[in-house]
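None of the figures in this text is laboratory data; all of them are computed from the coordinates on show. Here the structure is a predicted model, which is why all the values come from computation and not from measurement. Glycine gets a Cβ as well: all are built from the backbone with ideal geometry, and neighbour counts include every protein chain shown.
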Amino acid sequence: MTKRNGRYTSSGRTNIAGHNQKGSRLTPPLATLPNLEFQSWKDDRLPEMLWAALIVSRFDQMTALLLMAQSIEFLGEKRVELESNGDKSSVSIDCDVTHTGLSQMDSELLHGFLSELTPTEKSRLVLRPLLLFDDLPAREAWVEALKMEPETSDWNNLMHAVALALDHQSQEATDCRFIRLMAVIAGGLLHVPKQMLDEYLAYPNVNLRKVRPSIRANEMAMGGMSGLTTNHEWSAKFWAQCLRDTECWPLPIEVASIKGPKIKPTLSRVQEVKILLVDHCNRMRTSSAVDARYDTVFGIGLYSLNLIEDLLRVDMSNTVSARFCLRSLVENLITLAYLAHKDDMQLWQSYRVFGAGQAKLQYLKLEDETTKPTYVNVDTLQRLANEDVWEEFLPIELGHWEKSNIRKMSEEAGVKDIYDRYYGWTSNYSHGHWGAIRDTVFDTCGNPLHRLHRIPRTSPHSLPDVVPDAIVCIDMTLKIISRCYPDFPHTILAK
């Protein structure tokens, strides 16, 4: 499929035409569904299935599933015992195997479940990182089952486990979600069609392209079931301790190296202030969760310092580009002053959502282009668009902050393709929108225990080279000149 054929791009994403437009706002179809209630595997449910994540990270898949199946089978056997003494159609047992659910489980059932989960010394070693957490639900029962004390090296094993399961669609995350789902089925709280149950019982030796989406959908739907916990207090405590007790480091990203001109001596003062601001930013962090107010305040400050650095480069301060920097500096100041004056969380968030939506808008335009521009990496735009919320729930706001008639002008002039390719995303940098700030002054933390949150950079991010794209634009300009005042045959790329 292409963006001109149907509602989806070649990679299966909703294209721009497939969005619902109301005024200047583009909304993807799924985001228009009524009574939406968002759930997060990464933020809420992964910490609750941490024991399973540890197991699938250290054993091969079949060994891990068989070990966890023993505990699930134990729950099923207890249910059978109850059925023999009562109405089979209504019998169910405690079957919530999340950490919070286990803490609310009958004591005898809990100890039996943990005993089946820890039959060997290796299985106990694999689960030992759980004891790093003082607030672990049912910690005393885990201590009794594991029979050992945690060690500092357990943090590394925990990082490995969380890294593998952080993506809700990874095989490791799917295995964890499968075990949670099967426990609820074994406990009699959830009933599924026989064909589906047979496929689940044969997992993973089934058509995974069919069964894995079914597992994820059913596990996610369990969030609204009575009898299962919806309390995410443990998850919040887990992420808070991980942030407190482990360090940040930037996630390595391969980018083109850009050599800049010599720097004026006064640049050292700007860099000194930047380092001080970075230190203050780190001290003010209280959570690895998304905080639009925090990220925007420090992001705009650091982004503005980067612009000043550019202005101080040799032969830069007196160019046209210096005026763009000045405009951005003024706009950043006004934007931050306005947001700080209002200090409305919805307003802070709308600023952030706008920037993410702009990233989505641009990569949807570029995704199916045969000739890709060189000034931006489309994969980077996709990553920025999906960072806070899945793009299918992310609206695109066309008229926020400032309106322009340049798009209509490009349509009338027959150069809309140039507008689509270059104007939209480069404008984000002069306007200081969130997408540009995020890509410029923040790294993604490489510590999986920090949920891929943002950490400020102490040096500018090297962006893709704009020169090849600039040559395309100037050559088109020269050809237009030649048509108006013939004959001018020269272009930059002419042999």
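Between rounded, prolate and oblate, where does region 128-222 land on the alpha carbon gyration tensor, with a ≥ b ≥ c its root eigenvalues, rounded for a/c under 1.5, else prolate if a/b exceeds b/c?
Numbers: a/c = 2.85, a/b = 1.80, b/c = 1.58.
It comes out prolate by the Cα gyration axes.
Taking the fewest neighbouring Cβ atoms within 10 Å as the starting point, the ordered list for Leu228, Leu208, Leu394 is Leu208, Leu228, Leu394. Which value, in debye to the nearest 20, gives the size of the charge dipole of region 127-173 about its Cα centre, when Lys and Arg are +1 and Asp and Glu are -1 at the Cβ? Roughly 100 debye, rounded to the nearest 20.
Using amide H atoms built in the peptide plane, which far-off residues or other-chain residues are under 5 Å from Tyr8 H to H? The list, which skips near neighbours in sequence, is Asn15.
Exposure proxy shown here: for Cys95, Cys242, the number of other Cβ atoms within 10 Å sets the order, fewest to most, as Cys242, Cys95.
What ranking do Thr370, Thr440, Thr98 get, fewest neighbouring Cβ atoms within 10 angstrom at the top?
On the way: Thr370 4, Thr440 19, Thr98 26.
The most exposed by this proxy come first: Thr370, Thr440, Thr98.
Pairs from the list Lys237/Lys342; Lys360/Lys416; Lys122/Lys147 with a Cα-Cα gap above 20 Å: Lys237/Lys342. Convex hull volume of the C-alpha atoms in region 41-239, normalised per residue: 111 Å³.
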